[in-house]
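Structure first, then comments.
The values are calculated or read from the model by the stated rules, or taken from the named source; none is laboratory data. Nothing here was measured: the structure is a model prediction, and the numbers come from that model. Don't worry about glycine lacking a Cβ; one is built from the backbone with ideal geometry, like all the others, and counts go over all protein chains shown. Remember, those area values only see protein heavy atoms, side chains included, never the ligands or the DNA or RNA. Shrake-Rupley method; radii C 1.70, N 1.55, O 1.52, S 1.80 Å.
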Amino acid sequence: MEDKLVEIGNASDIPSGTTRIFEYEDISIAICNVSGNFYAVENVCSHDDGPLGEGRLIGKNIECPRHGAQFDVTTGEITRMPAYGPIQTFPVRVKNNKIYVEIDE
Ligand code: FES
């Protein structure tokens, strides 16, 4: 498997403390701006497939809008139940206001 660097959007469209959802092929990705640093997670909750990117970003934790599980967007680790497993994260690079995400292909 090879990593592919995908241009996904503009950093200036995602203010600090907010999240925005982007689609790349069949993957839905939530880009989170945590105090000016960008993190990418799959837009799917590990509990029951809730749309994480529609939830609140609380510091570096994203809250699932369905049942309230929280995950650390910097690592994917769960920080609040009812989910039990981590979520997928993707490496992010920002250059000249463009956000690039590394995706396994
Ligand atoms: S689907 Fe996310 S907490 Fe249940």
Point to revise | Top-ranked residue of the range 52-91 - restricted to ones that are under 17 Å from I8 (Cβ atoms) and free of Cβ contacts under 8 Å to residues at least 40 places away in the same chain, ranked as nearest to the ligand (Cβ to nearest atom) | key: L52
Check your understanding: If you go through the range 23-49 one residue at a time, how many are more than 8 Å from the chain's Cα centre (by Cα) and either under 17 Å from E63 (Cβ atoms) or free of Cβ contacts under 8 Å to residues at least 40 places away in the same chain (or both)?
Key -> 15
Study note, to complete from the structure: Of all strands (runs of 3 or more DSSP E) fully inside the range 28-96, the set with 3 or more residues that are open to solvent by 20 Å² or more (accessible area, probe 1.4 Å) and modelled with pLDDT of 95 or more is 37-42, 78-80, 92-95
